[in-house]
Amino acid sequence: MKLWKYFVGYVNISIEGEYPEKLLNLLITEGVALENVERHERMVTVDIKAPDIKKLSSAAHGCGCGIHIIKRYGFTRIRRK
């Protein structure tokens, strides 16, 4: 992991629903950087910056998708403890 990612903090999340791609497209237009995007049957896993969680949660309500945090990593994870 790059050093700057450690300080910013990243969150690995899963997005579940009928059309998780719709949420991903909305996040891209909002300026959220998506990394390590993997598609599973009705679920997508993706890494996003920790500060972008607020944008994600507000956008998910409009798309009808469920969001689950799989893992947090970086400085923000340590700071929360």
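The values are calculated or read from the model by the stated rules, or taken from the named source; none is laboratory data. This one's a predicted model, so the numbers in the text were calculated from it and none came from an experiment. Every residue, glycine among them, receives a Cβ derived from its backbone with ideal geometry; neighbour counts consider all protein chains shown. When the accessible area is computed, the model is the full protein with side chains, heavy atoms only, and any ligands, DNA or RNA have been set aside. Shrake-Rupley method; radii C 1.70, N 1.55, O 1.52, S 1.80 Å.
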Among (1) surrounded by 11 or more Cβ atoms within 10 Å (Cβ to Cβ); (2) closer than 20 Å to Gly9 by Cβ; (3) not polar (S, T, N, Q), there is one condition Gly66 misses while meeting the rest; what is its number?
(2)
In segment 7-22, how many are closer than 19 Å to Tyr73 by Cβ and either open to solvent by less than 10 Å² (accessible area, probe 1.4 Å) or of a type in the set (A, V, I, L, M, F, W, C) (or both)?
8
Test: residue in segment 23-40 that is in contact with a Gly (Cβ under 6 Å, 6 or more places away or on another chain) and open to solvent by 70 Å² or more (accessible area, probe 1.4 Å)
no
Can you tell me how many residues within segment 33-76 are free of Cβ contacts under 8 Å to residues at least 12 places away in the same chain and touching a Leu at 6+ places or on another chain (Cβ under 9 Å)?
0
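Looking only at segment 1-15, count how many residues are within 12 Å of the chain's Cα centre (by Cα) and not aliphatic (A, V, I, L, M).
Start the filter on segment 1-15 by keeping residues that are within 12 Å of the chain's Cα centre (by Cα), which leaves 9-15.
From what is left, the residues that are not aliphatic (A, V, I, L, M) are 9-10, 12, 14.
Within segment 1-15, residues that are within 12 Å of the chain's Cα centre (by Cα) and not aliphatic (A, V, I, L, M) number 4.
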